[in-house]
Amino acid sequence: MRHLFIISMILIMNSASAQTLALDLLELKNYEHQLEDVMELVDKTELLAKIEEVERDYEKNPNEINTVRLGIIYHETALNLSFLSKTEFKGYAKKSYEILTKLSVSPGFTKELDPFVVSYSASALSLVAAETNKLKLLGSAFAIFGKAVDDYAAVSYLPEFLRGSVAENLPWFFFLKRKAAKHDFQSIVDKFERNPDYANSKVMSFTYWALAKQKQSKTQRLQSLSYLDKAIALDPDFKAGRAKAEELKATMIDR
């Protein structure tokens, strides 16, 4: 599988940026595996337990990878437990952004971690924008996303996945930014279908469901249903997009 990943990446790196070309792709995947357990958590009980675990690990050893894990779990906390509500976790989006941006400019920062750090810092900043109603911050977040996509989308799903996730949830009057959702999710699917090592099954379950939501016109109905079936099949344990995909599929069939 590692050889498949390297070969596939070489084929698409012709169009990648110089920043991407400087990355060790096996090291990038290694870090991805170390971070997967703190990304895209949908179960609140699991999330609360993971917060304690990550904070405990960071207190014992505040090294680089544990710092990234802390920044990501605070992002997930902000998204799932405090977003647009008054809870004890209010302000965790700002914490996430500050932790990740500080790490990114620290001496000797590992460049293979940058796709994760920059993508999650942009997403965290978008959450801060929503919490504070400071639209200027949303513009800054999308500027960061844009550079992350240019630099890393060829080898990492995260810049497009997180930008698309933010874009699809924006109010209608952000129609220009909302267009990024369909483009980003389709781009991830295209790369995944060329190279199954590009993203894990959990991410792809979410992605197929998200893309199906973007393709609900009569002319795209069959493709949308196909994407929903893929989202369901990739999530046998209901850890990703299966529940929402089944709900959307039932709605579409009943129309």
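Please name whichever of Leu125, Ser187, Ser201 sits farthest to the positive end of the charge dipole of the range 98-203, dipole taken about the Cα centre and charges placed at Cβ: Lys and Arg +1, Asp and Glu -1.
With unit charges placed on the Cβ atoms, the residue in question is Leu125.
If you place +1 on the Cβ of every Lys and Arg, -1 on the Cβ of every Asp and Glu, and leave all else neutral, what size is the dipole of the range 117-253 about its Cα centre, to the nearest 20 Debye?
Dipole size: approximately 460 debye.
Which of the aspartates and glutamates could a cross-linker span from Lys147 if the Cα-Cα distance has to be under 17 Å and same-chain partners fewer than 8 positions apart are dropped?
The reachable aspartates and glutamates, counting only those whose Cα sits under 17 Å from Lys147, are Glu112, Asp114, Glu160, Asp184.
Taking the Cβ of each residue in Ile72, Ile99 as the centre, tally the other Cβ atoms inside 10 Å and list the residues starting with the fewest.
Working: Ile72 28, Ile99 22.
With the fewest neighbours first, Ile72, Ile99 line up as Ile99, Ile72.
About its Cα centre, how strong a charge dipole does the range 78-127 have in debye, to the nearest 20, once Lys and Arg get +1 and Asp and Glu get -1 at the Cβ? Walk me through the intermediate numbers first.
Working: 6 positive and 4 negative charges, 41 e Å.
Charge dipole, the range 78-127, about its Cα centre: 200 debye, nearest 20.
For Lys249, go through the aspartates and glutamates and keep the ones whose alpha-carbon is under 13 Å away, minus same-chain ones fewer than eight residues off.
Asp229
What's the magnitude of the charge dipole for the chain around its Cα centre, counting Lys and Arg as +1 and Asp and Glu as -1 at the beta-carbon? Answer in Debye, nearest 20. Show your work: numbers first, answer last.
Numbers: 34 positive and 34 negative charges, 234 e Å.
Using only the charged Cβ atoms, the result is roughly 1120 debye.
Which log10 I(q)/I(0) values, to two decimals, does the range 74-151 give at q = 0.20, 0.21 Å⁻¹ under the Debye formula with one point per Cα?
-0.82, -0.89
No lab work stands behind these numbers, since they all come straight from the coordinates. This one's a predicted model, so the numbers in the text were calculated from it and none came from an experiment. Cβ atoms come from the backbone with ideal geometry, glycine included; neighbour counts cover every protein chain shown.
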